[in-house]
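All remarks here apply to the structure that follows.
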């Protein structure tokens, strides 16, 4: 059981180090954000635990997580952080700085996440975004990224999840491909037709796998883990591509096929540590993401083609 706070006041600097570790999940990542080495971060945490009389961090599969005592200390650290930010405010408004690491699908990364960061940087040029583009289920270990965007509702522990938006998958083919092979008049005519989509054996996202089952009679002609490869292969005439409408509709050489018979609406969900969602930088980026999603709502829904 964690000991209560001692009368000795902890160092404000040590509290801020704890907050950085809680957000990053790793000493090295927290040190990089603060400009400190791993040894200094560990020493600050040890000093904080000595002042508070108990453990503030514990190891888990998600990296370093807060103990109950650490949670109370992190709440105090957030008060310190807000006070420091308020003291530094100017009449023109405060300037955010820092790096956000985002894990997201290829399509979301390029179409939503990057433009949202560009908009945020116009107001806060000291912020930057690191994108790890991947299509997978929500990770149970949050140490590698601040935020994660996945397709489908996640099942996670020690994390918070929120629904962001929905997008539509449709079946597309190039105009040249349809001129050479003809356009199908019904789903039955897709039997034996070439499909461009994800590699089935490497796809571990139920929502995307279910979308593939909508056209089980087709055979996989070109498969890839990258959705932009799907788009270009379809444009090149490799077959019918099961593509996000917001990517395919941007290309006039692609035609949506059987829109009333083949298509799926899929959700984007955002996952992150509870501590991350209280970080001013993360909060600002989430607002930028929501603004971008409102801007492209029609394209996501497949109503812009």
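The values are calculated or read from the model by the stated rules, or taken from the named source; none is laboratory data. All figures in this text were calculated on a predicted structure; none of them were measured in a lab. Neighbour counts run over all protein chains shown; Cβ positions are idealised from the backbone, glycine included.
A few notes on this one:
- Near pairs, Cβ below 7 angstrom, 6+ apart or cross-chain, from the range 201-217 (on the phi < 0 side of the Ramachandran plot) to any residue that is part of a helix (DSSP H, G or I) and exposed (fewer than 13 other Cβ atoms within 10 Å of the Cβ): 212/200
- Hits in the range 160-177 - residues which are surrounded by fewer than 17 Cβ atoms within 10 Å (Cβ to Cβ) and part of a helix (DSSP H, G or I): 175, 176
- Boolean, residue 302 is buried (at least 18 other Cβ atoms within 10 Å of the Cβ), on the phi > 0 side of the Ramachandran plot and in contact with a helix residue (DSSP H, G or I) (Cβ under 7 Å, 6 or more places away or on another chain): yes
- From 65, 134, residue being more than 24 Å from residue 266 (Cβ to Cβ), modelled with pLDDT under 90 and in contact with a strand residue (DSSP E or B) (Cβ under 9 Å, 6 or more places away or on another chain): 65
- Residue that is touching a residue at least 12 places away in the same chain (Cβ under 8 Å) and either more than 21 Å from the chain's Cα centre (by Cα) or within 30 Å of residue 60 (Cα to Cα) (or both), where the choices are 232, 148: 148
- Tallying residues that are under 16 Å from the mean Cα position of the chain (by Cα) and not in a helix (DSSP H, G or I) within the range 97-130 yields 10.
- Applying the set (1) in contact with a strand residue (DSSP E or B) (Cβ under 9 Å, 6 or more places away or on another chain); (2) modelled with pLDDT of 85 or more to residue 50 leaves exactly one unmet item: (1).
- Test: residue in the range 212-221 that is buried (at least 17 other Cβ atoms within 10 Å of the Cβ) and closer than 23 Å to residue 112 by Cα: no
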